[in-house]
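S.K.: Take this structure, written in structure tokens, and hold onto it; I'll ask about it next.
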Amino acid sequence: MKNYIAIHPGEILREEYLKEYALSTYALAKALNVPRTRIERIVAENSPITPDTALRLAYFFDTTAEFWLNMQAAYDVNVLQTEKADEFAKIDKFKQMA
């Protein structure tokens, strides 16, 4: 498996969207009709982007839900690979019988 550092989607939201468009977490939360704390936790990289939040972000920023969810999935897989690397290394590869 490839080793790379996945970026939490909260960092992308914070750096590429909130800062770029001079939006506060409050303004975004209000526009998305979600609690301010949800956006604050995401941009602090303490909470994941859920399908509900991904859809709301997609509608607001004219992206896709998959854009946000794929970032979250890549981040989650990277974290898990790092945390359980020793355990995964013990798994024998599948070998098809002739």
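The values are calculated or read from the model by the stated rules, or taken from the named source; none is laboratory data. Since we're looking at a predicted model, the values are computed, not measured. Neighbour counts are summed over all protein chains in view; Cβ atoms, including those assigned to glycine, are modelled from backbone coordinates with ideal geometry.
S.K.: Could you please find all residues in the stretch 61-98 being more than 14 Å from the chain's Cα centre (by Cα), exposed (fewer than 14 other Cβ atoms within 10 Å of the Cβ) and in a helix (DSSP H, G or I)?
M.R.: Within the stretch 61-98, Thr82, Glu83, Ala85, Asp86, Glu87, Phe88, Ala89 meet the criteria.
S.K.: Also, quick follow-up: Scan the stretch 17-30 residue by residue and report those that are surrounded by 12 or more Cβ atoms within 10 Å (Cβ to Cβ), within 21 Å of Gln72 (Cβ to Cβ) and free of Cβ contacts under 8 Å to residues at least 24 places away in the same chain.
M.R.: Scanning the stretch 17-30 gives Leu23, Thr25, Ala29.
S.K.: Tell me yes or no: at least one residue of the stretch 6-29 is within 30 Å of Asp92 (Cβ to Cβ) and among the small types (Gly, Ala, Ser). Before the answer, list the steps.
M.R.: Here is the first cut: in the stretch 6-29, the residues within 30 Å of Asp92 (Cβ to Cβ) are 6.
So of that shortlist, the ones also among the small types (Gly, Ala, Ser) come out as 6.
So far as the stretch 6-29 goes, yes, one or more of its residues are within 30 Å of Asp92 (Cβ to Cβ) and among the small types (Gly, Ala, Ser).
S.K.: The conditions are (1) under 16 Å from Gln72 (Cα atoms); (2) loosely packed, with under 15 Cβ neighbours inside 10 Å; (3) without any contact (Cβ under 8 Å) to a residue 12 or more places away in the chain; (4) not polar (S, T, N, Q), and Pro35 fails exactly one of them. Which is it?
M.R.: Just one mismatch for Pro35, condition (1).
S.K.: If you don't mind, another one. Test each condition in (1) within 15 Å of Gly10 (Cα to Cα); (2) among the aliphatic types (A, V, I, L, M); (3) more than 11 Å from the chain's Cα centre (by Cα) for Ala22 and report the one that comes out false.
M.R.: (1)
S.K.: Against the condition at pLDDT 95 or above and loosely packed, with under 11 Cβ neighbours inside 10 Å, how does Glu40 come out, does it pass? Break it down stepwise before answering.
M.R.: Details: at pLDDT 95 or above: yes; loosely packed, with under 11 Cβ neighbours inside 10 Å: no.
Criteria not met by Glu40.
S.K.: Here is a follow-up. Tally time: how many residues in the stretch 45-60 are part of a helix (DSSP H, G or I) and touching a helix residue (DSSP H, G or I) at 6+ places or on another chain (Cβ under 8 Å)? Let's see the steps before the verdict.
M.R.: Kept after step one, since they are part of a helix (DSSP H, G or I), are these residues of the stretch 45-60: 51-60.
Now narrow it down to the ones that are touching a helix residue (DSSP H, G or I) at 6+ places or on another chain (Cβ under 8 Å): 51, 53-58, 60.
Matching residues across the stretch 45-60 total 8.
S.K.: Right, next: What pairs come out if I take residues in the stretch 51-76 that are farther than 14 Å from Leu13 by Cβ and of a type in the set (D, E, K, R) and pair them with residues that are assigned to a helix (DSSP H, G or I) and at pLDDT 95 or above whose C-beta lies under 8 Å away, six or more apart or interchain?
M.R.: Glu66/Ala54
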